[in-house]
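Reviewing the structure listed below.
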């Protein structure tokens, strides 16, 4: 019963935060994530490292030469995830995304859309290994 009430409170917090600032929404999203995934939070409201997951994402289609990497860096900063993004010689864009499960999932879903000039035909997700990245940056093409 306690978990149900906590989850309900977190959902209400998220709904009210969506009506205010984007930063409040991210904080509320973190609270929902902690409740949903059984995570713990420190005193700053951030999810603890034990709750951090990593996935590798490869986006295919018209994703190079359209600002996809720059879009990914901006989206990652807005969602508060860590990692990196790079072009691949096969024409795809690859990224490693790390953070709370809800934020990582939000980034993975957003990759289907990308910037307006992109035409994404597939997004392949696989487990990733946390490399300790802080922030989200661009890496060299491989």
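Laboratory data are not the source of any read-out in this text; all were calculated from the coordinates shown. Being a predicted model, the structure only gives us computed values, none of them experimental.
Sorted largest first, the principal axis extents computed over the alpha-carbon atoms of segment 71-142 equal 27, 23, 21 Å.
For segment 52-138, averaging the sequence separation of C-alpha pairs within contact (under 8 Å, six or more residues apart) and dividing by the residue count gives a relative contact order of 47 percent.
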